[in-house]
Amino acid sequence: MASPAATTADGKKPAERKLLGAVQEKARQTRLISTPEGVQVSVALADRGERAGAVILDLIFIGLALTGVILALGGLRLSGLMTMDWVIALGYLMFFLIQNFYFLFFELRWQGRTPGKKIMNLRVIDRRGGTLSADAVFARNLIREVELFIPMLLLLSGAGSGLGAWGTLFQWLWIGVFLFFPFFNRDRMRVGDLIAGTWVVVSPKAALLSDLSEEDRYSPQTSPEAKQRGRLQTVPDAESQTGPQAAPQTVVQTAAQTAAQAPPEEPSKLRFTFTDKQLDTYGIFELQTLEDVLRRSGPEAYAVRAAVANRIRQKIGHASGAAPDGSLTPGQVAPFLDQFYKALRQRLEARMLLGDRKESKYD
Amino acid sequence: MSEMILKSAVFRQEREKTWQELDAIVTQIEKKGVRSLTPEQCHRLPLLYRATLSSLSVARSISLDRNVLDYLETLSTRAYFCVHGARGSVLKYLRAFLFVEFPEAVRAAKWHLLVAIVLLLGGLLAGHWLVVANVDWYHSIVPEGMAGGRTPEASAEDLRAVLYAPPEDGEAMLHVFASYLFTHNAGIGILCFGLGFALGIPVFLLIFYNGLMIGAMTGLHATKGLLPDFVGWLFVHGTTELLAVVLCAAAGLMLGSAVALPGSYSRLENLRRQGRLAAKVVVGAVLMFLVAALLEGFARQLVTDMTTRYLIGTTAAVLWAAYFILAGRGRPHG
């Protein structure tokens with residue numbers, strides 16, 4: 001067994017940097033907006049790729065709409081319901097309206113979402129919070145003419161044909177400035193967002209999973225949340241042979257998983273106790289990483305949990321391993337991690353209540 | 001193991017029902033819109049929203065369960081969009097826009113408007129003077145396609161015929177003409193706004209050149225003794241159309257000046273303020289282009305009496321001036 005000091009001594013600097021990097025990355029992608037109720041809520045900025053995807057979808061829809069107009073007017077003309085002059089007059093009008101007002105209409109109507117954004121799960125919001133006002137929608141979409149349609153036209157028509165060197169340079173400068181604008185600011189704003197005071201954010205979606213500290217996690221209940229709990233028992237068949245007997249009533253709810261053979265009464269028998277000193281080894285970041293590990297599902301989930309459990313046991317110097325080399329047996333892994341998670345959370349939450357947030361193990 | 005019961009877990013158990021109820025309502029709004037809510041749900045939404053926001057505050061200070069934190073965070077954000085994202089009816093907004101916001105935005109842009117008008121008039125006078133002094137200038141200013149047969153080589157009779165031409169093909173093509181004019185002009189107006197982002201320089205050039213072309217035409221007609229007739233022909237729709245043109249130019253200049261001269265705000269904040277005002281001016285101007293196109297497409301072609309043409313144009317100009325100066329003053333915002 002390697003000593004805890006040795007493992008931290010040589011891994012510390014890069015690990016700490018990595019941790020800081022992860023925290024900064026998250027801060028880079030999220031923004032806080034203040035609600036009128038005085039509570040700040042956070043939003044995640046949309047990825048440039050997602051935005052590109054949304055705009056491409058919208059352009060496809062615009063193309064389809066224009067095709068639809070042509071077909072409809074053509075049909076009306078051929079069937080003799082409409083004379084050619086009306087077809088031309090309406091055609092001009094419809095093309096103009098669709099090109100200039102497609103984005104505007106949907107963003108006003110669907111509160112900052114166009115069909116493309118809806119599919120990509122994005123929405124436009126006001127940078128200062130509050131209702132997305134109509135003038136903001138006007139501003140960010142009226143500029144599309146120079147920002148999107150003209151560069152597109154230039155690119156499609158082969159930029160720089162017959163304009164001379166300066167003309168070509170100017171064209172590419174134009175295309176470059178507008179196209180790459182979102183890459184040159186932290187908020188990933190295009191010019192339209194800049195002048196409208198808006199952000200494009202990911203429409204947030206997160207499911208409420210079961211509380212990992214709940215007592216009854218091991219007894220397979222028929223509660224509505226039970227579906228999300230099965231993953232904790234997913235022990236590969238080979239491993240479960242060495243563990244305690246599989247109980248027939250244990251149900252695996254995770255869709256693709258088939259093996260869940262930890263008996264319901266077994267974990268309650270196993271008790272691990274942790275001292276405050278042991279718990280103070282870790283901070284909030286590690287607690288929440290452990291939460292991810294515990295919620296993990298998939299074929300390798302058990303292996304990861306076993307590795308993490310033994311790593312923790314070594315680091316805090318917990319003498320609980322029942323295997324010959326002192327490590328945890330497969331049957332011990334889940335209860336050890338669960339109880340450690342719970343104890344650590346209790347400890348950190350208690351400290352936090354007293355105004356002492358331990359952010360990470362380096363804190 | 002009673003000592004292992006966590007405060008944060010108890011907190012969650014007590015509040016979970018509220019969150020889930022809000023979640024259901026918010027999901028329904030996201031999928032089917034606000035209108036699908038029952039009166040009971042409408043009543044519950046703000047209560048649940050505030051309760052969940054308070055849960056979020058509490059959770060941030062007592063809980064380290066990241067799933068709960070993330071869930072509350074996203075649920076609050078989603079509910080926030082539902083509660084504060086909804087806007088009033090379109091009709092109501094349209095009224096507020098036409099009677100308060102548009103004239104207000106135009107008044108806020110008055111200095112830019114003045115610059116645009118001066119540029120346009122400067123171009124107009126320069127074009128007029130150049131062509132009157134030497135008629136050959138006309139060809140270098142007005143492109144062949146725009147001239148439509150109105151060249152120095154044409155006789156006064158030909159020019160007069162264009163000005164008082166009865167509608168081609170009867171009245172059938174007027175709506176085509178109007179629709180073309182509207183989309184063409186409004187498109188240029190929107191372009192003018194966007195070009196403003198390049199420090200307004202393209203806008204200066206565009207508006208000056210526009211003036212130059214009109215000036216060249218007045219100059220040409222002046223040399224043939226048709227100046228009053230041409231101005232009357234232009235006046236019917238010109239007062240409305242040129243006003244819309246200078247408004248779009250003013251919006252572009254507003255944007256350009258916000259990029260170049262941030263003033264007392266940060267550049268970002270200034271752009272946001274000016275950009276929104278300018279956008280309102282452009283949307284209003286697009287509506288004016290519609291009016292202008294109707295005047296140009298129908299009124300000008302149907303009314304061939306010079307006095308009536310002046311009357312229509314002047315009335316329009318006076319009405320626009322009164323509208324921009326008076327409408328929406330002293331009203332509360334929103």
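Please state which one of B:Thr218, B:Thr239 is over 25 Å from the mean Cα position of the chain (by Cα), part of a helix (DSSP H, G or I) and at pLDDT 90 or above.
Working: B:Thr239 fails: over 25 Å from the mean Cα position of the chain (by Cα).
Step by step, each of B:Thr218, B:Thr239 is checked, and only B:Thr218 is over 25 Å from the mean Cα position of the chain (by Cα), part of a helix (DSSP H, G or I) and at pLDDT 90 or above.
Looking across the range A:280-335, the residues that are within 21 Å of A:Gln346 (Cα to Cα) and hydroxyl-bearing (Ser, Thr, Tyr) come down to A:Thr281, A:Tyr282, A:Thr289, A:Ser320. Screening B:Thr77 on (1) more than 30 Å from A:Ala350 (Cα to Cα); (2) out of contact with any helix residue (DSSP H, G or I) (no Cβ under 7 Å at 6 or more places or on another chain) shows it passes everything except condition (1).
Mind checking which residues of the range A:37-64 are over 26 Å from A:Phe101 (Cβ atoms) and within 14 Å of chain B (Cβ to nearest Cβ)?
Looking only at the range A:37-64, we keep the residues that are over 26 Å from A:Phe101 (Cβ atoms), and these are A:37-45, A:47, A:49.
If the condition is that a residue be over 26 Å from A:Phe101 (Cβ atoms) and within 14 Å of chain B (Cβ to nearest Cβ), then A:Glu37, A:Gly38, A:Val39, A:Gln40, A:Val41, A:Ser42, A:Val43, A:Ala44, A:Leu45 are the ones that fit.
In the range B:44-57 there is no residue that is buried (at least 17 other Cβ atoms within 10 Å of the Cβ), modelled with pLDDT under 90 and more than 7 Å from chain A (Cβ to nearest Cβ).
Among the residues of the range A:248-279, those identified as at pLDDT 80 or above and surrounded by fewer than 16 Cβ atoms within 10 Å (Cβ to Cβ) are A:Thr273, A:Thr275, A:Asp276, A:Lys277.
Tell me, please, whether a residue that is hydroxyl-bearing (Ser, Thr, Tyr) and under 30 Å from A:Pro204 (Cβ atoms) can be found in the range A:102-117.
Step one: list which residues in the range A:102-117 are hydroxyl-bearing (Ser, Thr, Tyr), which gives A:102, A:114.
Checking which are under 30 Å from A:Pro204 (Cβ atoms) leaves us with A:102, A:114.
The answer is yes, given that some residue of the range A:102-117 is hydroxyl-bearing (Ser, Thr, Tyr) and under 30 Å from A:Pro204 (Cβ atoms).
So for the range A:126-145 (the condition being out of contact with any helix residue (DSSP H, G or I) (no Cβ under 7 Å at 6 or more places or on another chain) and more than 9 Å from every other protein chain (Cβ to nearest Cβ)), does at least one residue qualify? Scanning the range A:126-145 turns up no residue that is out of contact with any helix residue (DSSP H, G or I) (no Cβ under 7 Å at 6 or more places or on another chain) and more than 9 Å from every other protein chain (Cβ to nearest Cβ).
Here B:Lys31 meets the list (1) within 12 Å of another protein chain (Cβ to nearest Cβ); (2) farther than 22 Å from A:Lys205 by Cβ almost entirely, failing just condition (2). Considering the range A:165-208, and only residues there that are buried (at least 18 other Cβ atoms within 10 Å of the Cβ) and of a type in the set (S, T, N, Q), the residue that is farthest from the other protein chains (Cβ to nearest Cβ) turns out to be A:Gln171.
Cβ-Cβ contacts under 7 Å between residues 6 or more apart (or on different chains), taken from a first residue in the range A:341-358 that is more than 17 Å from B:Arg66 (Cβ to Cβ) to a second residue that is outside any loop (DSSP other than H, G, I, E, B) and of a type in the set (S, T, N, Q), are absent. If you go through the range B:10-48 and keep only what is within 30 Å of A:Arg271 (Cβ to Cβ) and free of Cβ contacts under 8 Å to residues at least 24 places away in the same chain, you end up with B:Val10, B:Gln13, B:Glu14, B:Glu16.
Residues are listed down the side, and each one gets a yes or a no for (1) farther than 30 Å from B:Phe208 by Cβ; (2) surrounded by fewer than 22 Cβ atoms within 10 Å (Cβ to Cβ); (3) facing chain A (nearest Cβ under 7 Å):
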position	(1), (2), (3)
B:Asp70	yes, yes, yes
B:Ala79	yes, no, no
B:Val90	yes, yes, no
B:Leu94	yes, yes, no
B:Leu98	yes, yes, no
B:Arg107	no, yes, no
B:Trp111	no, yes, no
B:Leu114	no, yes, no
B:Val118	no, yes, no
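Looking across the range B:28-43, the residues that are surrounded by 13 or more Cβ atoms within 10 Å (Cβ to Cβ) and closer than 22 Å to A:Leu122 by Cα come down to B:Gln28, B:Ile29, B:Glu30, B:Gly33, B:Val34.
Number of residues in the range A:83-112 that are surrounded by fewer than 17 Cβ atoms within 10 Å (Cβ to Cβ) and either among the basic types (Lys, Arg) or more than 11 Å from chain B (Cβ to nearest Cβ) (or both): the value is 1.
Hey, among B:Leu98, B:Leu114, B:Leu119, B:Leu91, which residue is part of a helix (DSSP H, G or I) and in contact with a Phe, Trp or Tyr (Cβ under 8 Å, 6 or more places away or on another chain)?
Working: B:Leu98 fails: in contact with a Phe, Trp or Tyr (Cβ under 8 Å, 6 or more places away or on another chain); B:Leu114 fails: in contact with a Phe, Trp or Tyr (Cβ under 8 Å, 6 or more places away or on another chain); B:Leu91 fails: in contact with a Phe, Trp or Tyr (Cβ under 8 Å, 6 or more places away or on another chain).
After ruling out the rest, the residue left standing is B:Leu119.
The values are calculated or read from the model by the stated rules, or taken from the named source; none is laboratory data. Model, not experiment: these values are computed from the prediction. Every residue, glycine as well, gets a Cβ built from its backbone with ideal geometry; the counts of neighbours run over all protein chains shown.
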